[in-house]
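Comments concern the structure below.
The values are calculated or read from the model by the stated rules, or taken from the named source; none is laboratory data. Only a predicted model underlies this, so the values are computations on that prediction, with no experimental measurement involved. All Cβ positions, glycine included, derive from the backbone under ideal geometry; neighbour counts span all protein chains shown. We work out accessible area using only protein heavy atoms, side chains counted, and drop any ligands, DNA or RNA first. Shrake-Rupley method; radii C 1.70, N 1.55, O 1.52, S 1.80 Å.
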Amino acid sequence: MELKSKDLLDIKSLDREEINLFLDSAESFKEVTGRDIKKVPTLRGKTVVNLFFEPSTRTRTSFEIAAKRLSADVINFSISGSSMSKGESLLDTARNIEAMSSDFIIIRHSASGAPHMLAQCLKSSVINAGDGSHEHPTQALLDLVTIKERKGGIEGLKVAIIGDIAHSRVARSNIYGLTKLGAEVRVAGPPALIPAEIESTGVSVFYNLKEALSDVDVIMVLRLQLERQGKNYFPTTREYARLYCLTAERIRDAKEDVMIMHPGPINRGIEISPEVADGLSSVILEQVTNGIAVRMGVLYLLGGRGEA
Amino acid sequence: MELKSKDLLDIKSLDREEINLFLDSAESFKEVTGRDIKKVPTLRGKTVVNLFFEPSTRTRTSFEIAAKRLSADVINFSISGSSMSKGESLLDTARNIEAMSSDFIIIRHSASGAPHMLAQCLKSSVINAGDGSHEHPTQALLDLVTIKERKGGIEGLKVAIIGDIAHSRVARSNIYGLTKLGAEVRVAGPPALIPAEIESTGVSVFYNLKEALSDVDVIMVLRLQLERQGKNYFPTTREYARLYCLTAERIRDAKEDVMIMHPGPINRGIEISPEVADGLSSVILEQVTNGIAVRMGVLYLLGGRGEA
Amino acid sequence: MELKSKDLLDIKSLDREEINLFLDSAESFKEVTGRDIKKVPTLRGKTVVNLFFEPSTRTRTSFEIAAKRLSADVINFSISGSSMSKGESLLDTARNIEAMSSDFIIIRHSASGAPHMLAQCLKSSVINAGDGSHEHPTQALLDLVTIKERKGGIEGLKVAIIGDIAHSRVARSNIYGLTKLGAEVRVAGPPALIPAEIESTGVSVFYNLKEALSDVDVIMVLRLQLERQGKNYFPTTREYARLYCLTAERIRDAKEDVMIMHPGPINRGIEISPEVADGLSSVILEQVTNGIAVRMGVLYLLGGRGEA
């Protein structure tokens, strides 16, 4: 079994076997992260470039830590102090980075499709760390690993994704990943935040949270982008919280052993109540821990492609 | 002899033996810094996170160099480009970092007590790199190492600390460290910059620089925060300099072999004259050099706690 | 054969043998960059500090990658978040860095001569990564390596440098390097962008691009600083492009095997047309690749000075 692509651009184009390959690899690297010396020589002498055009804490740091634990050299490409402000195109910037013999380019960009464009033009492995409202494939992989760890598998699970489905690359990548692995996916949120065509991806749409949560195994709460408030999407965060904030009372509609996920950073009291975020059903910090193992696995698999 | 805490939060809560343990460790690492290959494998596979919420040059760089010379992986956590601007709480940010299997979190924060709050909630070793106007323990340790090196010991020395005592975490940490090790500490500065309760820490207060400097072994000059000018603390920097700038003439009141210290960066001609800052009595650059060794020692001791 | 200086400050003060030593060293490190494991232990335990006072992408990244491939520890000194904003002088900042046992300080600064001033006061090796409109010696070295690779040598070649000669440190360093190695150098551009005294360096001046390009082996296009538009240097970028943009038609005046160079980042359609920048004669990305090897060579030679 081998990956078809040198890149990880989205979940949509992966088949079930490829997704499972990534999940298995993450599980084996999770052991490294638990060791006293959390470092293996896998990518010694390789160069990983973090090319982030949107501010990010956890994703950039997570990739940086993952790459360093594989012994790669990591270069953080600062955007504000970069040539982009001198008007250079994204492709010229990326070609220049590759000319320095980069092996991996990890890109976050506000334009959907930016990583795909780079991947076509470059020999380096390109990893999408979030492109616009399109996809965020490593987030979906770490969510899948976390669910598998708790539930033993994905097939047949009922998963509710709650919030701004329309603008969420996390939702989109998870919908592809979960349905490919046989879960039943529901989405719920204010009507203006659920795209019209979403049912074609195989999910069911709910506008009422109580119905959406009924009997589910997993609840994924999305971060509410507060800056969308008042722009015809939802009137106020207060009104949003009244209808969609995941509270302890509301999760009683789900299965008793429901697990609660959130990609972070959380807005406490808006999309999720503090007692739920910090409660026993929450796996929010396990998601972060699994993010390192997933990204180590992704770097390992893309780096070794065609070699073994 | 073992440290009582997994963290280094302040000097106030350390006893004399613990302080000496840190000083001894720094002295042994100083030898590494003088080698041709300035690197030991002590912290290989460990992750050190620099979490700086205030701009800093020398302290962040000093910790980064110290950690790298111990072979740790270092992650610099950029604050402006971080989740904090998305409204995430300090504790959520720190919990997320820890979920990535960090071993050390080095924090600088404008809020006094921020490192203590983190230390209580996290398993990682937390090192305070300066919290508000509270403490800056590694600065005091490096100052103590530098004094010991020049004077052979601390006990019985007369030390004058000059400047804005009220707002200085450097002053506070040094007062605890010096008095615990048996030095006689004097503080001097404009009345509005000396806190009312300071004598309870065992120091003597002087408003006249000549009297404060009489017969002292060590003079520590504090950096004047120029932005306080005109805010009822002191009228102008010119007036401040006239009364408190450490000049060659003024140090004649001290012992002949007096040593002159400053935590940097210096305001030449305001709190210290260029000829004193660059003179033979000045150990300002030795303080910087010792900062690396002190921080290597702190990381080493906290990292090895309970293991040997 | 040994370098006379611990520093690399400019090309002007190097003799032909020293330049060739740098070029030979780059060629031998180029092999390392092509390996699967692009890393050698040459500078293990050494500390390289990137001290950049001007925004830069490729030069800082290139030095960082070069140093890491030599196994050095690299510290990026962030300027906006630094003591400089607290009013510390450049020399105090550099002395503090050196007190942390730095081995190399790589500096980019808007003031011509800043690296020379540091080099005089510090024991660390200082490398000029661009000072004002003075020199950018590693850029010239990488350009020379690239020309030698394609043309087999420098002696006797006809080289045209096109654009804002007056403000270009790239032009200045290349003029010294090329003439020392025996090339015939022509400069061309709008009269207001060609300094009066330039002919004293041994170059010929052209205001007409067609004449300048006649029969040349190498064309170096300089980046146009768009912010100079309308400041008496040139009226508009459109007018500049009409007269000086290097197009496919214009390079027909050069030799058939002419090579096209640009230090990047390029303004497509202003100083160079996209078809020329991306065409077969262009070596723009090879320049970037050679930049890594050149900087590895420079660090290696300066680091080993006086040791072998």
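Looking at the stretch C:1-104, which trypsin sites (Lys or Arg not before Pro) are DSSP coil and have at most 11 other C-beta atoms within 10 Å of their C-beta?
Values: sites: C:LYS4, C:LYS6, C:LYS12, C:ARG16, C:LYS30, C:ARG35, C:LYS38, C:LYS39, C:ARG44, C:LYS46, C:ARG58, C:ARG60, C:LYS68, C:ARG69, C:LYS86, C:ARG95; in loops: C:LYS4, C:LYS6, C:LYS12, C:ARG35, C:LYS38, C:LYS39, C:ARG44, C:LYS46.
Of the trypsin sites (Lys or Arg not before Pro), the ones in loops of the stretch C:1-104 whose Cβ has at most 11 other Cβ atoms within 10 Å are C:LYS4.
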For this session: Mind checking which of B:ILE284, B:ALA188, B:LEU302 is farthest towards the positive end of the stretch B:159-308's charge dipole, using Cβ charges of +1 (Lys, Arg) and -1 (Asp, Glu) about the Cα centre?
Result: B:LEU302
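Using unit Cβ charges (K, R positive; D, E negative) and no other charged atoms, how large, in debye to the nearest 20, is the dipole of the protein assembly as shown about its Cα centre? Write down the numbers at each step before the final one.
On the way: 114 positive and 120 negative charges, 37 e Å.
The calculation lands at about 180 debye.
Would you mind getting me the FRET efficiency between C:LEU226 and B:ALA196? Use the beta-carbon distance for r and R0 = 56 Å, nearest 0.05. Walk me through the intermediate numbers first.
Values: r = 58 Å, r/R0 = 1.04.
The computed FRET efficiency comes out at 0.45.
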Exercise. What's the FRET efficiency of C:LEU91 with A:GLU2 using the Cβ-Cβ distance as r and R₀ = 56 Å, to the nearest 0.05?
Worked result: 0.50
Exercise. Once you average over the residues of C:89-101, how many Cβ atoms of partner chains fall within 10 Å of each Cβ?
Worked result: 6
For this session: Lys and Arg at +1, Asp and Glu at -1: add these up for the other residues within a Cβ distance under 10 Å of C:PHE63 and post the number.
Result: +4
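Among the GluC sites (Glu not before Pro) within the stretch B:232-303, which fall in a DSSP loop and have no more than 14 other Cβ atoms within 10 Å of their own Cβ? The partial results should precede the final answer.
Working: sites: B:GLU239, B:GLU249, B:GLU256, B:GLU271, B:GLU275, B:GLU286; in loops: B:GLU249, B:GLU256, B:GLU271.
Sites meeting the loop and neighbour criteria: B:GLU249, B:GLU256.
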Problem set entry | Most mobile of A:MET259, A:MET100, A:MET117 in a GNM of chain A (Cα contacts under 10 Å) | A:MET100
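Relative contact order for chain B: what percent, with Cα pairs under 8 Å and sequence separation of 6 or more? Could the numbers behind the result be given before it?
Working: 583 pairs, mean separation 65.2, N = 308.
Reported as a whole number, the value is 21 percent.
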Exercise. Between copies, how far does the label point of A:GLU197 sit from its twins, in nm, shortest first, when each point is 7 Å from Cα along Cα→Cβ?
Worked result: 6.5, 6.5
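Which value, in nm² and rounded to one decimal, describes the direction-averaged projected area of the C-alpha convex hull of the stretch B:110-215? It would help to have the intermediate numbers written out before the result.
Numbers: hull surface 29.7 nm².
Value for the stretch B:110-215: 7.4 nm².
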Exercise. Which whole-angstrom value gives the distance between the alpha carbon centres of the stretch A:8-73 and the stretch B:105-147?
Worked result: 31
Problem set entry | Selected from A:GLY163, A:GLY45, A:GLY291 as most flexible by GNM, with chain A as the system and alpha-carbon contacts under 10 Å | A:GLY45
For this session: Output the relative contact order of the stretch B:1-76, whole-number percent, from Cα pairs under 8 angstrom with separation of 6+ residues.
Result: 30
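Taking a temperature of 10 °C and a viscosity of 1.306 mPa s, what whole-number D in µm²/s does Stokes-Einstein yield for the stretch B:1-157 with Rh from Kirkwood over alpha carbon pairs?
Working: Rh = 16.6 Å.
The Stokes-Einstein estimate is 96 µm²/s.
Measure off, as a whole percent, the carbon and sulfur share of the 1.4 Å-probe accessible area of chain B, all protein chains present.
Values: 5620 of 11300 Å².
About 50 percent, which is the carbon plus sulfur part of the accessible surface.
In whole percent, what relative contact order does the stretch A:117-204 give with Cα contacts below 8 Å and a gap of six or more residues?
RCO, the stretch A:117-204: 28 percent.
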Problem set entry | Descending semi-axes in Å of the protein assembly as shown, equivalent ellipsoid built from Cα gyration tensor | 44, 44, 25
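Any idea what the dipole of the stretch C:25-172 comes to, in debye rounded to 20, about its Cα centre with Lys/Arg Cβ at +1 and Asp/Glu Cβ at -1? Numbers along the way, then the final one.
Values: 20 positive and 16 negative charges, 82 e Å.
With Lys and Arg at +1 and Asp and Glu at -1, about 400 debye.
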Exercise. If one takes the accessible area of chain A alone plus chain B alone and subtracts that of the pair, with a 1.4 Å probe, what total in Å², rounded to the nearest 100, results?
Worked result: 2300
Problem set entry | Principal-axis tilt of helix A:284-304 within chain A, Cα atoms, nearest 10 degrees | 30
Seminar exercise, completed: If one builds a Gaussian network model of chain A from Cα atoms under 10 Å apart, the most fluctuating residue listed among A:ASN128, A:ASN267, A:ASN232 is A:ASN232
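Given the -39500 (n - 2.57) contribution per DSSP H run of 4+ residues, what per-residue ellipticity at 222 nm results for chain C, rounded to the nearest 500 deg cm²/dmol?
Details: 10 runs with 113 residues, N = 308.
Helix contribution divided over all residues of chain C: -11000 deg cm²/dmol.
With +1 on each Lys and Arg Cβ and -1 on each Asp and Glu Cβ, and nothing else charged, work out how big the dipole of the stretch C:207-308 is about its Cα centre, in Debye to the nearest 20.
Rounded to the nearest 20 debye, it is 460 debye.
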Problem set entry | When the convex hull of its Cα atoms is projected in every direction, mean area for the stretch A:179-288 (nm²) | 7.1
Exercise. To one decimal in nm, how far is B:GLY182 from the same spot in the other copies, if labels go 7 Å from Cα toward Cβ? Please give the shortest first.
Worked result: 7.5, 7.5
Problem set entry | Å² per residue, accessible surface of chain C at 1.4 Å | 37
For this session: Mind listing the label-point distances from B:ASN232 to the same position on all other copies, shortest first, one decimal in nm, points 7 Å along Cα→Cβ?
Result: 5.2, 5.2
For this session: With everything on Cα atoms, drop me the angle between helix C:58-69 and the longest principal axis of chain C, reported from 0 to 90° to the nearest 10.
Result: 40
Seminar exercise, completed: The helix C:169-180 Cα axis meets the longest alpha-carbon principal axis of chain C at an angle in degrees, between 0 and 90 and rounded to 10, of 80
Exercise. Got a sec to turn the phi values of the stretch B:253-265 into Karplus ³J(HN,Hα) couplings, 6.51 cos²θ - 1.76 cosθ + 1.60 with θ = phi - 60°, whole Hz, x for Gly and Pro?
Worked result: 6, 7, 4, 5, 9, 4, 10, 10, 10, 7, x, x, x
Exercise. In a shell of Cβ-Cβ distance under 9 Å around C:SER204, excluding C:SER204 itself, what net charge do Lys and Arg (+1) and Asp and Glu (-1) give?
Worked result: -1
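Against the globular-protein guess of 2.2 N^0.38 Å, express the Cα radius of gyration of chain B as a ratio, rounded to two decimals.
Working: Rg = 19.2 Å, N = 308, 2.2 N^0.38 = 19.4 Å.
Chain B yields a ratio of 0.99.
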Exercise. Heavy-atom accessible area of C:SER13 with all protein chains present, probe 1.4 Å, nearest 10 Å²?
Worked result: 80
